[in-house]
Amino acid sequence: MQNPYIPMPVEVVNIVTEVDTNDIKTFRFAFVNKEDEERFQYLPGQFAELSILGKGESPIGIASSPTQKGYIEFTVQRVANLSGGIVTAALHDLEVGARMGVRGPLGNSWPIEYLEGKNVVVVGGGFAFTTLRSLIHYMLKEENRSRFGDINVIYGARTPGLLCYKEELAAWEKRKDIRMHVTVDKRDETWTGREGFVPTVCREIAPSAENSVAVICGPPVMIRFTLPVFFELGFSKENIYTSLEMRMKCGIGKCGRCNVGEKYVCKDGPVFSLAELDTLTREY
């Protein structure tokens, strides 16, 4: 049995700067050891601890899909606080060829089995689109697509330059088996798409609640104003899922810093239905 405290060595094989502010990058890692790659079996929605020797480790959602073989990807925002700033700053200073550690996969996933046979509404905002991207790739994989019904994606950012995965968004918009609704809070001279806040766009699109599940991840203020829209549309709390990614810490329930009531977000989550969250204290 693998020691859960020991990271697996990986090598940086590609780095993409996602946004105009240069503080969000997607890192592609290849496992140094083939047996580690085979052991790292994950599902969309899970996370891992990224570690750099002498700097520490930080919990980051997995942005790639298990259907994408030979590598794993993480989209990392450079943050300016002591708890995560040292590690994310060190990550952003890495170059292709650098080696570091990955510990995981950790936590639970988006409810793949529950989504089967249902229509799926994916709602994301800004940088929090990472694990939703993983889910979309998973559902669109040729051998998986027939397992799910209609797929509607509503994704927004403050400005066009803050949208992540621009090339993939454009490619998805051309497909016939997914409906993309990409929006920005404020357009600029380059933007010809939709303008409007995510909750407003959700109300305009009005996805049907019949045989549907909503998967929502974004800034707290976005979620706060988006949830009432889905209640108005008839979605039950059992059919709305979100992720408490911001509360993840050690990943194995030992440090006690992620607990919400009796639940440990890093073990019992980070994915919860609203019905599950209703049973917890309001700490989250």
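In plain terms, the chain from ILE112 to GLU95 could stretch by 2.7 nm, reckoned as 0.36 nm per residue minus the Cα-Cα distance.
Electrostatic tally near ASP20: other residues with Cβ closer than 13 Å to its Cβ, Lys and Arg +1, Asp and Glu -1, net 0. Taking every full run of DSSP H in the chain, the ones that stretch at least 18 Å from end to end by Cα along their long axis and average 0.5 or higher on the Kyte-Doolittle scale are 220-232.
Other residues lying with their Cβ under 14 Å from the Cβ of ARG145 contribute a combined charge of +1, Lys and Arg counting +1, Asp and Glu -1. Count Lys and Arg as plus one, Asp and Glu as minus one, and take only other residues whose Cβ is under 14 Å from that of PHE197; the net charge is then +3.
The stretch between GLU142 and SER236, if pulled fully straight at 0.36 nm per residue, gains 30.9 nm over its current Cα-Cα span. Each part reduced to its alpha carbon centroid, the stretch 20-34 and the stretch 170-224 end up 26 Å apart.
Every read-out reported here was derived from the displayed coordinates using simple, explicitly stated rules and does not represent laboratory data. Just so it is clear, the model here is predicted, and its values are computed rather than measured. Counting neighbours? That spans all protein chains shown, and the Cβs are built from the backbone with ideal geometry, glycine included.
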